[in-house]
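Below is one structure, written out as structure tokens; the observations come after it.
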Amino acid sequence: MSIFSGKRYAVLGLGKAGLPAALRLRELGAEVFVWDDDAASREAAAGFSVTRPSKVRGRLDAVVLSPGIPHKLPKPHDEAKWALGKGVPILTDAELLYQAVRGQGSRARFAGITGTNGKSTTTALLAHILDVAGVPNAAGANLGPAALSLPLLPDNGVYVLEMSSYMLERIVTLRFDAATMLNLSPDHLERHGDMAGYAAAKREIFARQDSTCTAVIGIDDTESRKMAAWLHDGPAQVVEISGDDIQEWHVKALPGRHNAQNASAATAMARALGVEWGAIAQGIASFPGLAHRQQEVALRDGVRFINDSKATNADAASRAMGCYMRFVWIAGGVAKSGGMDGLEPFFSRIEKAFLIGQDGEAFAHRLSEAGVAHEVVGTLERAVPAAFAAAGDCGVVLFSPAAASFDQFVNFEARGECFAALAQGEAE
Ligand code: ADP
């Protein structure tokens, strides 16, 4: 297949998405140039023309920019600035997947999921429902695998793409037949300037939708409700979903009302894609859950160890905290703007908190003011045994850090695995 023959792309940022993008684009006939500021990453791309986009001779059709590299705020990467100045489009890999799928003549449909929290769960759940229903599907993008490593699907297939705000800023023709925006709370504001900028990026999930498309929108927070009002003026069929509406919700791998919101979203999208109710119900009931999201990783002496390492902001942590009446809490890392704001209603449920990471002291300060028992212990290695010792009465050690991991770990997965290993070590 050479649908991209004659095209010339520069891939900037050779991480999880960049390298697969370069490989696929080349396979599809394009001429591909690659660059990463990190020398080791450049070496991994042996076999490609390694050069900065601005140094490529002749025309470039687009720069495929890694979601982690800014082209606006807080400061555009020099090469992105160059591309903007030259009018070279800056794209994300999902856009090129869409072009590749259409270019190869497949009418496979696209489902897109965004929101501050719940994206991965909803993406994985929808893909699972489609599996149960026997619909060929491929899920990925932000959640991984990278968009451009997904296979070509037939006309009845569905791509289920988790879209971050960074990716949504870089789509141009991609249109989602079914799209969901789950919720909005302050996150990544350094990249989007303010809440309005962040919401504008998220709203792109609904770009180009027409009356044949379905727009699923959460209505459990103010910013999302504003977006719902805006959607009602547009052409797509709008489905409003709420987790707060649901009184009783007991699905083991999907605990809490927030997961009821995710399940509602997956249901609405599955319906829009033509899945029968029975397969949806069966899919929800048999969903195995995702690692690092309120995942029970050990049980010892009646104490459950819950790994919620993916809770990198306060809103996400509050959802997990709401699921347990009393718990020992392990938290801290690199706090988001707003820090622990929003967690106050759950302070009375904390038996004792053990704080780690860069902002552990700041968290301790807030807990002191509120009279919550706590200890700054610095690392997970110290926190886990201390939390276990303190958990005798309440039976739950909840690791829901309400902060990013990069001060002490490469990513939230490594942080969660460290917690799980320590918890299981305790369990021996
Ligand atoms: P994302 O991919 O958007 O980061 P995940 O599905 O990985 O979201 O969930 C991350 C964390 O966010 C979960 O551990 C949970 O604490 C919280 N969360 C999940 N779904 C929701 C939701 N719909 N609303 C609010 N918080 C949620």
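The numbers here are math on the coordinates, done by the rules we state, and not lab data. In this text the structure is predicted, and so the values were computed from the model without any measurement. Here Cβ is always computed from backbone atoms with ideal geometry, including for glycine, and neighbour counts include all displayed protein chains.
Relative to the longest principal axis of the Cα atoms of the chain, helix 277-286 runs at roughly 50 degrees. Between residue 276 and residue 421, the simple spin-label model (points 7 angstrom out along Cα→Cβ) gives 4.7 nm. Stokes-Einstein, applied to the Kirkwood radius of the stretch 365-428 over Cα pairs at a viscosity of 1.306 mPa s and 10 °C, places its translational diffusion at 122 µm² s⁻¹. Sort the stretch 87-187 into rounded, prolate or oblate with this rule: let a ≥ b ≥ c be the square roots of the eigenvalues of the Cα gyration tensor; rounded if a/c is under 1.5, and if a/c is not under 1.5, prolate when a/b is larger than b/c, oblate otherwise. Oblate, since a/c reaches 1.5 and b/c is not below a/b.
Find the centroid of the Cα atoms in the stretch 1-79 and in the stretch 393-428, then give the distance between the two in whole Å. After rounding, the separation between the Cα centres reads 35 Å. Charged side chains reduced to their Cβ positions (Lys and Arg at +1, Asp and Glu at -1) give the chain a dipole of some 1400 debye around its Cα centre. Over the chain, the alpha carbon radius of gyration divided by the compact-protein estimate 2.2 N^0.38 Å works out to 1.01. Note on residue 78 and residue 242: the model spin-label points, each 7 Å out from Cα along the C-beta direction, lie 5.3 nm apart. Across the stretch 8-91, the mean sequence separation of Cα contacts (distance under 8 Å, 6 or more residues apart), normalised by length, yields a relative contact order of 32 percent. Take every pair of alpha-carbon atoms less than 8 Å apart whose residues are at least six positions apart; their mean separation over the length of the chain yields a relative contact order of 12 percent. Sorted largest first, the principal axis extents computed over the alpha-carbon atoms of the stretch 308-428 equal 36, 33, 23 Å.
Would you mind checking the tilt of helix 93-103 against the longest principal axis of the Cα atoms of the chain, expressed as 0 to 90 degrees and rounded to 10? Approximately 40 degrees, to the nearest 10.
Ignoring aspartates and glutamates fewer than eight residues from residue 7 along the same chain, the ones with Cα atoms less than 14 angstrom from its Cα are 27, 31, 61.
Just order 255-261, 388-394 by mean Cβ neighbour count inside 10 Å, highest at the front, would you? Provide the component values of the computation, followed by the final result.
Working: 255-261: 22.9, 388-394: 16.1.
Output ranking for 255-261, 388-394: 255-261, 388-394.
Once the Cβ-Cβ distance of residue 406 and residue 370 is raised to the sixth power relative to R0 = 22 Å, the FRET efficiency obtained is 0.20.
Here the stretch 153-303 is treated as a Stokes sphere of Kirkwood radius computed over C-alpha pairs; at 37 °C and 0.692 mPa s its diffusion coefficient rounds to 194 µm²/s.
When the helices of the chain are scored as -39500 (n - 2.57) per DSSP H run of n ≥ 4 and the total is divided over every residue, the value at 222 nm lands at -10500 deg cm²/dmol.
Taking the C-alpha atoms only, the angle from helix 18-27 to the longest principal axis of the chain is near 30 degrees. Size descriptor for the stretch 8-91, Kirkwood hydrodynamic radius: 12.6 Å (Cα pairs only, one decimal).
Anything over 32 Å Cα to Cα? Flag those among 72/252; 86/336; 226/336, in the order listed.
72/252; 86/336
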